[in-house]
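Following: one structure in structure tokens, then a few remarks.
Just so it is clear, none of the values below were taken in a lab; they were calculated from the coordinates. Here the structure is a predicted model, which is why all the values come from computation and not from measurement. Backbone-built Cβ (ideal geometry, glycine too); neighbour counts: all protein chains shown.
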Amino acid sequence: MDEDVLAEAAAEARVFGAGPAAAVDELVRGLLGQSADWQQSIGELGCALTKATEGRPLPG
């Protein structure tokens, strides 16, 4: 994360009455959750692609 993202998170925290550390904590937790969602989606896509290509010969 760059300084701008952290500064924005701190500014949002002040609006809601939380401290900068709490804002960064919330930001990181949100990003970790999004990362887990992406990992699951990528895994599901890989399974779907594998299933779709079963029984097909490899090119070449």
The condition of being assigned to a loop (DSSP other than H, G, I, E, B), among the small types (Gly, Ala, Ser), surrounded by 10 or more Cβ atoms within 10 Å (Cβ to Cβ) and touching a helix residue (DSSP H, G or I) at 6+ places or on another chain (Cβ under 9 Å) holds, among Ala23, Ala18, only for Ala18
With criteria (1) surrounded by 10 or more Cβ atoms within 10 Å (Cβ to Cβ); (2) part of a helix (DSSP H, G or I), Thr50 comes up short on (1)
Note on the range 29-60: residues under 18 Å from the mean Cα position of the chain (by Cα) and of a type outside the set (Gly, Ala, Ser) are Arg29, Leu31, Leu32, Gln34, Asp37, Trp38, Gln39, Gln40, Ile42, Glu44, Leu45
